[in-house]
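Read the figures in this text as sums done on the coordinates, not as results from a lab. Values in this document were obtained by computation on a predicted structure and should not be read as measured data. Cβ coordinates were reconstructed from backbone atoms using ideal geometry, including for glycine residues, and neighbour counts include every protein chain displayed.
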């Protein structure tokens, strides 16, 4: 199944702006998006982003191996959001720059540990990880806790202006 992420232009701009805020010791910001999920019957999964929730300043933890690390309290808050809305939970951050971003080794390593845990709270929908640049994105979607993730095929910005960007290629 190929996954597509749809998000409004306004929400995407707000997320990018929030993720650029400085933090006292973390080199990057992170947040969570909640989303609805639907399929079209032709092997396409659409992840429809509803909301964005930044991680609170006090929920970051010092970690010399990562640009940003968040503690158990941040994860608990994110999981509560997903549980409340019975939706997908997507961890998001930015690497800045232009063009399609790449996940760092620590991004992939840590996501392989924490994203499957999202299924313990909301098992019926996929969950994932997204990294932004200033004009593109890349994402991974887990269909369930026991399977390897698949790259998001494409990101679709809805509203004005409409745009397609990022993805797997």
Highest-MSF residue in the chain out of 42, 144, 63 [GNM, Cα springs under 10 Å]: 42
Cα-based convex hull, region 49-109, per residue volume (Å³, whole number): 117 Å³
Linear extension gain, residue 109 paired with residue 63, 0.36 nm per residue minus alpha-carbon span: 15.1 nm
Highest-first arrangement of 148-154, 30-36, where packing means the average Cβ count within 10 Å: 30-36, 148-154
Highest-first arrangement of 107-120, 127-140, where packing means the average Cβ count within 10 Å: 127-140, 107-120
Per-residue Cβ neighbour rank within 10 angstrom, fewest leading, 94, 38: 38, 94
All Cα pairs of the chain, percent lying beyond 30 Å: 9 percent
Mean residue ellipticity (222 nm) of the chain, computed from DSSP H runs ≥ 4 via -39,500 (n - 2.57), nearest 500: -7500 deg cm²/dmol
Residue with peak Gaussian network fluctuation, the chain [Cα springs, cutoff 10 Å], from 27, 52, 83: 27
GNM flexibility winner over the chain from 155, 25, 103 (Cα, springs under 10 Å): 25
Relative contact order (percent, whole number), the chain, Cα cutoff 8 Å, 6+ residue spacing: 24 percent
